[in-house]
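Everything below concerns the one structure shown next.
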Amino acid sequence: MPEKFHFGFLENQKRFDELPTEEKESLINKAHEEALLLNEKVDKYSDEGMSKSGFVENLVNKEENVDSLMSIYKHGIIPIVEKLKDDIEKGVFDTLISDDAGARLPTLIFKDILKAKGPEAKEIKVHFLALGQRLHERFGSSYSSELEEYVRNHKDEWGKVLLVTEYSGTGATLRRIHTMFKNTGVTNYDVAALYSNFELEGQVTAPNGDIQRTFTGEVGSNEQIIGNTLSRRSRQFSGVKRPESSSPFPIRRDKSPNEQYHEKEKLMMQEIMNMARKYAQKAAQEIIDEVWNKKQVNQQNTQNS
């Protein structure tokens, strides 16, 4: 049941007790209607062969959880967008690269922002890659070779790249990416890290003169709270996971050769992914309102004063 109808929370119970009788009855009716709809959804997905313990639980809490995830994303993205505002308006970036399965939804949020606030009709290319340090450790040279071959084959069409990473705990993945880009001749890129345990911001100049900048949304993030929450919920709502071979691309969870799902589970996964994409679009618009429209309001207030 959505939190607004969760009378088990003490503060909600006090607010409910203070409402006029008509409002109380209206609220109870709405809660009852939502409970009936929820029961219908649970029944729909709890036929024989359905994993009730996992996916039905996700269905029950999905809106609350994805909304919480988007709040974390917005908190990390807004400071970066504020720093990149002029570059976004000028259309500096041509390509977005998601560095792992967890960065898929933040990358889509960035794409919506770049499309909305950049030059009209500018195409933004997006590449979803699996660049995690653990993949190098697990698959070694076969993974590195496939990844570097892909980058060499596509880098000339990328233009200016914004590499998006969800969370940097030790910096090992980013160091590995920088090395891989150096080996493949990619120099025209910036990095956007929503959260990091340590200071990442700064810039370096490549031998050819390209300036590589790193931007962070929040530094010194609590790994147990932010890192684990992002890892758990982004896996649930992005619908993709790290590859199970040396391939440098994330794979759809419902198409994983090592995981077998009932058809109704697959339908439910798709429903969750569709819902998460809509929430991501909403988050992008809220970030635009925060960064652009707030500035316009402040300018109007200054002119009127």
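Here are some notes:
- Looking across R138, R152, one residue alone is in the same structural domain as F237 (by TED's automatic domain parsing), part of a helix (DSSP H, G or I) and within 16 Å of R242 (Cβ to Cβ). It is R138.
- Where a residue in region 129-146 is of a type in the set (G, A, S) and its partner, wherever it lies, is at pLDDT 75 or above and in a helix (DSSP H, G or I), with Cβ under 8 Å and at least six apart: A130/A101; G132/T173; S144/M180
- Criterion applied to V42, V81 was being at pLDDT below 80 and either basic (K, R) or assigned to a helix (DSSP H, G or I) (or both), and the one residue passing it is V42.
- Test: residue in region 86-93 that is of a type outside the set (A, V, I, L, M, F, W, C) and closer than 18 Å to Q281 by Cα: no
- Test: residue in region 100-112 that is buried (at least 18 other Cβ atoms within 10 Å of the Cβ), of a type outside the set (A, V, I, L, M, F, W, C) and more than 21 Å from T214 (Cβ to Cβ): yes
- Filtering region 113-132 to residues that are more than 20 Å from R176 (Cα to Cα) and either outside the structural domain of S168 (by TED's automatic domain parsing) or surrounded by 21 or more Cβ atoms within 10 Å (Cβ to Cβ) (or both) leaves I113, L114.
- Residue tally, condition more than 17 Å from the chain's Cα centre (by Cα) and in a helix (DSSP H, G or I), over region 243-270: 8
- Beta carbons closer than 6 Å, at least 6 apart along the sequence or on distinct chains, pair a first residue in region 168-190 that is closer than 16 Å to V204 by Cβ with a second that is of a type in the set (A, V, I, L, M) and buried (at least 20 other Cβ atoms within 10 Å of the Cβ) for I177/L131; Y189/V161; Y189/L163; D190/L162.
- Lone qualifier among L163, L108 - being within 16 Å of the chain's Cα centre (by Cα) and assigned to a strand (DSSP E or B): L163
- Y143 vs. criteria hydroxyl-bearing (S, T, Y), buried (at least 17 other Cβ atoms within 10 Å of the Cβ) and not in a helix (DSSP H, G or I): no
The values are calculated or read from the model by the stated rules, or taken from the named source; none is laboratory data. These figures come from a predicted structure and were not determined experimentally. Heads up, the Cβs are rebuilt from the backbone with ideal geometry, glycines too, and the neighbour counts pull from every protein chain shown.
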